[in-house]
Amino acid sequence: MLGTIGLSEEIFGEMKEAVIEGDAKRAEALAKKALEMNIDPVKSIEQGFAAGVREVGQRFECGEAFIPNLFMAGNAMKAGMGVLEKAIPAADSKQFTRGKIVIATVAGDIHDLGKTLVSTMLNSNGFEVNDLGVDAPVSKILDAARDKKADIIALSSLMTITLPGQRDVIDELKRRGVREQFRVLVGGGATSEKWAADIGADGYSPDAKGAVSKAMKLVEAPPH
């Protein structure tokens, strides 16, 4: 008969498997089961669901998984986390969260694929992500960053014609006198390291894995 630790490890493995298979219903059921067993919800997220998304991410990098697999894994994790997050005490939730991020594809750009992938990877690595979707105007982005008390504003742009939307966000932060309150991370097919430097962004990444790494460095960096 399995002890408490053995049962926990077993359900963590099942959670990981549910995410890898993209089975949202099973993930939700396992989350409820874990709560009934009085398993720490933070551990369930870290050792179960997040481990599954990381595994799918590694398979994607090796060419063993594809974008639909990533999205299905992300949806499964969200289903499980939706149950578990309600059971995390405020103090533990704050400790678990690496930082808060508001992410959006800027105004005029309706490309969602890369941004959604970045959101999923950030979420699976412990960030609280508020995804504003595509074609997001400056005011919507900044209001959300203020209301959510975001640490980072992440901006995506896949078309050269919409690149100025990233600069507009930074300019408006300056105009409002709150530039020092937020780190700005830019990415997308139309961006580059030089562009990020030219507009005064705090970071740039060409892909989802790099975005996670950069976000971790930004939340650990000293204030402006």
Only residues that are within 19 Å of the chain's Cα centre (by Cα) and either of a type in the set (Gly, Ala, Ser) or under 14 Å from Ser157 (Cβ atoms) (or both): list them for segment 130-144, please. Leu132, Gly133, Val134, Asp135, Ala136, Ile141, Ala144
Those residues that are touching a Ser or Thr at 6+ places or on another chain (Cβ under 8 Å) and of a type outside the set (Asp, Glu), I need them from segment 104-131; list them, please. Ala104, Thr105, Val106, Ala107, Gly108, His111, Gly114, Lys115, Val118, Gly126, Phe127, Val129
Hits in segment 184-224 (condition: part of a loop (DSSP other than H, G, I, E, B) and among the charged types (D, E, K, R)): Asp202, Asp207
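Please go through segment 159-180 and give me each residue that is polar (S, T, N, Q) and at pLDDT 95 or above, ordered by number.
The first filter runs over segment 159-180 and keeps only residues polar (S, T, N, Q), leaving 160, 162, 166.
The answer is Gln166, and nothing else.
The values are calculated or read from the model by the stated rules, or taken from the named source; none is laboratory data. All values reported here derive from a predicted model rather than from experimental measurement. All Cβ positions, even for glycine, are placed from backbone atoms using ideal geometry, and neighbour counts span all protein chains on display.
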